[in-house]
1. Let me spell it out: the conditions are (1) within 14 Å of the chain's Cα centre (by Cα); (2) at pLDDT 95 or above; (3) more than 20 Å from VAL110 (Cα to Cα); (4) not polar (S, T, N, Q), and ASP52 meets all of them except one. Which number is the exception?
2. Quick test for you: out of ALA24, ALA20, pick the one residue that is within 14 Å of the chain's Cα centre (by Cα), part of a helix (DSSP H, G or I) and farther than 25 Å from ARG93 by Cα.
3. Out of GLY60, GLY76, report the one residue that is over 20 Å from MET1 (Cα atoms) and either modelled with pLDDT under 95 or exposed (fewer than 13 other Cβ atoms within 10 Å of the Cβ) (or both).
4. Being outside any strand (DSSP E or B), modelled with pLDDT under 90 and either touching a helix residue (DSSP H, G or I) at 6+ places or on another chain (Cβ under 7 Å) or within 21 Å of LEU100 (Cα to Cα) (or both), is that true of even one residue in region 38-48?
5. Scanning for something among the β-branched types (Val, Ile, Thr), surrounded by 15 or more Cβ atoms within 10 Å (Cβ to Cβ) and touching a residue at least 60 places away in the same chain (Cβ under 8 Å), does region 31-54 turn up at least one residue?
Amino acid sequence: MIRIHFVGGEKGGVGKSVLARVLAQYHIDRNKPFTAFDGDLSHGALIRYYGDYAKAVDIGNFESADQIAEVTAELGCDVIVDLAAQSAQKIDRWMAESGLLELAEEIGLVVTL
């Protein structure tokens, strides 16, 4: 079963990026395939520490955010998304408009926020 892990929250400095990095390291330590997206464009912790696995994504730009669903469906592996503080409205809107939850049901994907 594949999973998208959205790591977010409305307040900055509470450990979102640290948790995303722990999830990435967990996958590496267990040889579990994954890819990561860094949605915190101002800090870029996943890009900085896990550049071989991560790329930037602009959650406010739906074409950019669509990469998350596309990569998940194509690669069939877990995806970790480190979200910036106060991005809940953007991610909620993108999930609704992209049909992510419907896609998740179709392909047996678990979405965790």
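1. Unmet for ASP52, out of (1) within 14 Å of the chain's Cα centre (by Cα); (2) at pLDDT 95 or above; (3) more than 20 Å from VAL110 (Cα to Cα); (4) not polar (S, T, N, Q): (1).
2. Working: ALA20 fails: farther than 25 Å from ARG93 by Cα.
Exactly one residue qualifies, and that residue is ALA24.
3. Numbers: GLY76 fails: over 20 Å from MET1 (Cα atoms).
Result: GLY60 is the single residue among GLY60, GLY76 that is over 20 Å from MET1 (Cα atoms) and either modelled with pLDDT under 95 or exposed (fewer than 13 other Cβ atoms within 10 Å of the Cβ) (or both).
4. Going residue by residue through region 38-48, those that are outside any strand (DSSP E or B) are 40-48.
Now restrict to residues that are modelled with pLDDT under 90: 41-44.
So of that shortlist, the ones also either touching a helix residue (DSSP H, G or I) at 6+ places or on another chain (Cβ under 7 Å) or within 21 Å of LEU100 (Cα to Cα) (or both) come out as 43.
Yes, because at least one residue in region 38-48 is outside any strand (DSSP E or B), modelled with pLDDT under 90 and either touching a helix residue (DSSP H, G or I) at 6+ places or on another chain (Cβ under 7 Å) or within 21 Å of LEU100 (Cα to Cα) (or both).
5. The first filter runs over region 31-54 and keeps only residues among the β-branched types (Val, Ile, Thr), leaving 35, 47.
Narrowing the set further to residues that are surrounded by 15 or more Cβ atoms within 10 Å (Cβ to Cβ) leaves 35, 47.
Narrowing further to those that are touching a residue at least 60 places away in the same chain (Cβ under 8 Å): none.
No, the conditions are met nowhere in region 31-54.
The values are calculated or read from the model by the stated rules, or taken from the named source; none is laboratory data. Please read all numbers here as calculations on a predicted model, not as lab measurements. Positions of Cβ are generated from backbone atoms using ideal geometry, with glycine treated the same way; all protein chains shown enter the neighbour counts.
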